[in-house]
Structure formats: structure tokens, C-alpha cells
Amino acid sequence: MNPFTFPCLFLHQQPKKKVTVYLLYCVSTAVIGSLQFGYNTGVINAPEQKLRRFFQNVSLERYGEPFSPGTNTMVWSFSVAIFSVGGMIGSFSVGAMVNKFGRRKSMLLNNILAIIGGILMGLSTLSRSFEMVIIGRLVIGVFCGLCTGLTPMYVGEISPTAVRGAFGTLHQLGVVVGILVAQIFGLEFLLGSDSLWPLLLALTALPAVLQSIMLPFCPESPRYLLIVLDQEEEARKALVRLRGCEDVSDDIQEMKEEGMKMSMEKKVTILELFRSPKYRQPIIIAIVLQLSQQLSGINAVFYYSTGIFDTAGVTQPIYATIGAGVVNTVFTVVSLFLVERAGRRTLHLIGLAGMAICALVMTISLSLGKTNPSLSYLAIVAVFGFVASFEMGPGPIPWFIVAELFSQGPRPAAMAVSGFSNWTANFLVGLGFPKLEELCGPYVFIIFTVLLIFFFIFTFLRVPETKGRTFDDIAEGFAANAKSNLTPEQTGLKHIDTVRVMFHNSHKNSEDLFIKKKQLIVRIDAEII
């Protein structure tokens with residue numbers, strides 16, 4: 001028996017929850033990429049002043065004079081923003097990469113970028129080159145952009161339906177833990193000093209090496225093996241190891257049915273996602289959910305947090321900011337346990353509502369704080385409440401629900417589009433927020449409150465619940481909605497519903513007859529779409 005595998009846990013009590021040690025190993029291995037994303041998102045903040053001094057010193061050595069304050073700020077801003085540009089490139093490349101190399105090999109190849117980026121940034125002081133920091137951040141950005149698509153896709157495809165949401169939340173848990181680790185390591189007495197900040201940035205190469213060692217012991221995605229490569233036996237072997245059970249016929253049958261439908265469809269390109277009525281609704285939902293994460297104001301809250309804590313009289317506001325990071329992590333763990341009970345849609349709605357209320361409280365307390373200093377403590381409570389609400393819904397859910405909204409065929413293209421949307425919004429917020437904050441001051445949170453209310457209404461009206469549903473079932477739901485918007489003349493098939501009911505209700509005399517019935521239904525669906 002494989003040392004990582006043992007019979008299905010809770011097999012007799014809860015046969016659907018097939019969680020094995022080997023499955024946990026594979027999910028944990030993939031989530032190292034999420035940790036990397038979080039680490040590289042947060043690591044640049046702590047050593048800001050050290051990097052600015054480094055830029056000035058290099059300019060003095062090269063040109064005989066330091067950068068002007070404006071030029072230095074521009075170089076610093078470019079070093080920060082280039083990470084999001086790399087993320088946009090990486091996220092948009094997810095579909096092409098996974099279709100060519102598969103899920104596991106793509107993660108392995110992606111680690112090369114992390115190692116290159118880490119080396120470039122780590123050697124920047126020895127080389128006396130601030131350009132190496134910028135190029136390293138770009139390369140790391142591409143790596144993280146790929147991670148935001150590869151990790152949720154792989155985790156979603158290897159997880160049993162009953163725990164897919166909980167495991168999907170682990171991606172966001174990895175992100176927030178990575179941010180927290182970066183905040184702690186960035187402290188002055190650890191790696192945030194003038195001499196050690198290059199090591200702080202280069203440290204990102206170590207998890208990449210660790211994941212590269214662990215990935216060869218993980219299987220390729222069974223869905224990719226069966227549906228894309230048509231390697232049923234390899235898919236069966238992978239499922240047996242992941243589930244810890246010899247009988248994986250239900251999983252195989254579900255994948256076969258999805259594969260049949262996929263074979264009847266045209267190749268799904270990014271343009272096809274928007275052209276086809278079948279995919280248009282889920283891709284719009286995917287994009288709006290990603291925007292609800294980045295345009296929620298979470299980055300603005302962390303931007304303000306140190307100032308809020310300082311105003312409230314906290315002697316070491318950096319530690320209070322780390323405390324907010326701890327709250328971030330704790331409530332991500334809470335959502336992990338709630339997502340399969342409350343559901344994705346419900347948690348997202350609760351999170352958006354909580355954030356809107358806290359944003360309003362922050363606006364009031366910050367605007368009146370100068371005349372009434374005690375309101376600063378209310379602002380602190382609002383910050384923690386905002387962060388907690390974010391991690392209940394808008395933080396973890398958009399990443400993995402996108403993988404749930406699409407079947408195997410369109411999933412890579414959909415992950416690329418949604419990831420690109422997230423990174424683009426991230427870039428625009430990073431670029432525009434400082435100016436917006438300068439113009440609006442604390443009233444900037446009113447803008448986020450309005451956006452949060454819009455996202456709440458959209459989620460309530462448009463986003464379906466995916467808890468406990470197979471990928472095929474979710475895709476069929478969107479297909480049914482698309483068909484309901486077509487006239488009989490458009491479909492050319494006025495009696496399709498009658499035919500479908502007849503075949504679904506007829507007696508299954510044999511497995512072959514059942515498969516033929518399903519094939520006919522698939523052909524009918526393909527004609528409609």
C-alpha cells in the first residue's frame with residue numbers, strides 16, 4: 001500500500017467525504033504556490049525605505065548624483081507596479097500552459113520563474129543594479145499570475161465534490177499566511193534591515209525548490225488524464241491513490257459524461273466564452289466575483305491600517321498591522337470550515353455585507369476622528385471587522401468558484417480571463433488609489449461602500465450556489481438558462497424537453513443503452529448551443 005494512502009476516512013459514516021493523507025499531501029503541495037503569491041504580495045512593503053536608499057546610492061555611484069525625490073518615487077512605484085503587470089501576463093497564459101503541459105508539469109515549470117526572480121532580486125546589491133530588482137519583480141509577478149490559475153484548478157480537479165469548497169479555500173489560506181510571513185520576516189530585527197533585505201526578497205526561491213521536490217510524488221489531475229488525454233487507466237490509478245478506495249467508478253463515469261459533452265463541442269477559446277450563450281453568463285459572473293475581491297477596498301484598509309493604529313495611540317503600529325494579518329489568517333480558517341455548510345454564495349453575501357457596514361463605520365470614525373480621538377478605537381474595530389468579513393467570502397471564494405462554474409473544456413480559458421481580470425483590477429487599484437486617497441481622504445471608503453453594495457446585489461441576483469454539485473451539473477444549469485433565453489425558431493428543436501424527459505425516465509436496460517441515451521442528449525445540447 002502507498003505510504004500516503006489508506007482507506008477512505010469516514011467510509012461508513014460519510015462515504016462522499018473521501019479525504020486521505022495522500023490527497024492532503026497533494027493539496028498542500030499545490031498550495032505552496034498560493035503561499036508564494038501571498039509572500040511576494042506583502043514582502044515589498046516592509047523594506048520600502050531601504051530600497052529607496054539603495055536606488056539613491058546606485059544613482060550616486062553611476063551618475064554622480066542621487067535621484068531626485070520625484071524620480072526615486074517613480075522608480076519605487078514602478079518596482080511595486082511591475083509585479084501586477086507580470087501577474088497579468090502570467091494569469092493570461094494559464095490556459096495555453098495547462099493545455100500543453102498539464103497541471104502538474106505546469107506547476108513544476110513555473111517554479112523555474114520563482115527561482116530566477118529570487119536570484120535576480122537577491123543579487124541586486126552585489127551587482128549594484130536596481131534594474132535587477134525591477135526585472136526580478138516582473139518575473140515573480142508572472143510566476144504568481146500563473147499560480148493564481150494553476151493552484152485552484154489543480155486543487156479543484158483532484159478534490160471530491162463534498163469537500164471541494166473547503167479545499168478550494170486553502171488557496172486563500174496560503175495567500176494570507178504568505179502575507180503574514182512576509183510581514184513578520186520584514187521586521188527590522190529579522191530580515192528587514194539595510195543589509196538583509198535582498199535575502200528577504202530572495203527567500204521566495206526556497207518554497208519553489210520545496211514544491212519542485214514534492215510535486216513528482218503527486219499525480220496529474222485525473223480529469224486532465226481522462227477527459228483531455230483519454231488515458232482512463234492512468235486516471236483510474238490516480239483516483240484510487242487520491243481517494244484511498246478501489247471503487248472509483250462514480251468519479252470515472254462522471255468524467256466520461258463530461259468528456260462526452262466536451263467532445264461534441266467546439267474548442268473553447270477566450271472569444272468563445274463571450275460569444276456562446278452557454279458560457280457568457282458564467283464568465284461574466286467569474287469576472288465580477290474577481291472584481292469584488294480587488295475593488296472591495298481591502299488593499300486600501302491595509303494601506304490605512306498603520307495610520308489608524310498610530311492615531312489611536314498604539315506605540316508600535318506595525319505590530320497592530322501584523323495583528324490584522326493574524327485576523328486575516330484566522331477568519332480564512334473559519335471560512336474553510338463554513339464553506340461546505342453555509343455554501344459559497346451565502347458566505348460571499350455575508351462577507352460583502354459585513355465589509356460594507358465596516359467601510360461606512362471607518363468613513364465616519366476617520367472623518368470625525370480629529371475632533372473626537374476616541375473614535376479612532378472604533379476605526380480599529382472596523383478594520384478588524386472589515387478584514388474578517390473579507391476572509392469570510394470575497395477573499396477565498398472568487399479564486400475557486402471560477403473553477404467550479406466551468407466544465408473541463410472551457411475551464412483553462414475561463415481561469416485565464418478571470419485571473420487576468422483580478423490582476424488588472426489589482427494593478428489599477430495600486431495605480432489609482434494613492435491619488436484617490438489624496439483627493440477624497442477618509443471619504444474614499446464611501447466609494448468602496450457603493451461598490452460593495454453593487455457586488456452584493458449582483459451576487460444575490462446572479463450567482464448560483466455550487467455547494468455539493470458536480471462540475472457537469474453546474475454547467476448544465478447554465479446551459480439550461482441559456483436555452484430558456486432562445487426561441488424555438490433559434491433552436492430548431494421545439495420538442496427537445498419531451499425527448500430529454502423520455503430518455504431520462506426510461507428504464508436503463510444496459511450500460512451501453514444508457515450511454516447511447518446520454519450521447520443523444522449530448523448531441524441535442526450541442527445543436528442548441
Practice prompt. Can you confirm whether segment 483-498 contains a residue that is at pLDDT below 65, within 30 Å of Glu157 (Cα to Cα) and not aromatic (Phe, Trp, Tyr)?
Written response: yes
Practice prompt. Kindly list the number of the only condition in (1) touching a helix residue (DSSP H, G or I) at 6+ places or on another chain (Cβ under 7 Å); (2) surrounded by 17 or more Cβ atoms within 10 Å (Cβ to Cβ) that fails for Val228.
Written response: (1)
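Leu108 - would you say it is within 17 Å of Pro207 (Cβ to Cβ) and crowded, with 18+ Cβ neighbours inside 10 Å? Spell out the reasoning first.
On the way: within 17 Å of Pro207 (Cβ to Cβ): yes; crowded, with 18+ Cβ neighbours inside 10 Å: no.
Spelling it out, it is not the case that Leu108 is within 17 Å of Pro207 (Cβ to Cβ) and crowded, with 18+ Cβ neighbours inside 10 Å.
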Worksheet item: In segment 50-102, what count of residues is obtained for those that are over 16 Å from Leu113 (Cβ atoms) and either outside any helix (DSSP H, G or I) or not assigned by TED's automatic domain parsing to the domain that holds Gly118 (or both)?
Response: 6
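Only one of these is on the phi > 0 side of the Ramachandran plot and touching a residue at least 40 places away in the same chain (Cβ under 8 Å): Gly178, Gly244, Gly192. Name it.
Working: Gly178 fails: on the phi > 0 side of the Ramachandran plot; Gly192 fails: on the phi > 0 side of the Ramachandran plot.
Result: Gly244 is the single residue among Gly178, Gly244, Gly192 that is on the phi > 0 side of the Ramachandran plot and touching a residue at least 40 places away in the same chain (Cβ under 8 Å).
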Discussion item. Name the single residue that is nearest to Leu120 (Cα to Cα) among those in segment 155-210 being surrounded by fewer than 19 Cβ atoms within 10 Å (Cβ to Cβ) and among the hydroxyl-bearing types (Ser, Thr, Tyr).
Written reply: Ser195
Discussion item. Need the failing condition index for Ile135 against (1) more than 15 Å from the chain's Cα centre (by Cα); (2) under 21 Å from Ala235 (Cβ atoms), just the number.
Written reply: (2)
Worksheet item: Somewhere in segment 126-145, is a residue touching a Ser or Thr at 6+ places or on another chain (Cβ under 6 Å), at pLDDT 90 or above, assigned to a helix (DSSP H, G or I) and under 30 Å from Ile474 (Cβ atoms)?
Response: yes
Item to complete: For Leu215, indicate whether it is at pLDDT 90 or above, touching a Lys or Arg at 6+ places or on another chain (Cβ under 9 Å) and either aliphatic (A, V, I, L, M) or over 24 Å from Leu109 (Cβ atoms) (or both).
Response: yes
Worksheet item: Looking at segment 246-267, is at least one residue in a helix (DSSP H, G or I), closer than 15 Å to Phe478 by Cβ and of a type in the set (D, E, K, R)?
Response: yes
Worksheet, complete the sentence: Restricting segment 332-354 to residues that are touching a residue at least 60 places away in the same chain (Cβ under 8 Å) and surrounded by 24 or more Cβ atoms within 10 Å (Cβ to Cβ), the one nearest to Leu180 (Cα to Cα) turns out to be Thr332
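For every residue, the table says whether it meets (1) modelled with pLDDT under 90; (2) over 20 Å from the mean Cα position of the chain (by Cα); (3) small (Gly, Ala, Ser).
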| site | (1), (2), (3) |
| --- | --- |
| Pro3 | yes, yes, no |
| Phe6 | yes, yes, no |
| Val19 | yes, yes, no |
| Cys26 | no, no, no |
| Ile32 | no, no, no |
| Tyr39 | no, no, no |
| Val43 | yes, no, no |
| Pro47 | yes, yes, no |
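The values are calculated or read from the model by the stated rules, or taken from the named source; none is laboratory data. As the structure is a computational prediction, the values presented were derived from the model and not from experiment. Glycine gets a Cβ as well: all are built from the backbone with ideal geometry, and neighbour counts include every protein chain shown.
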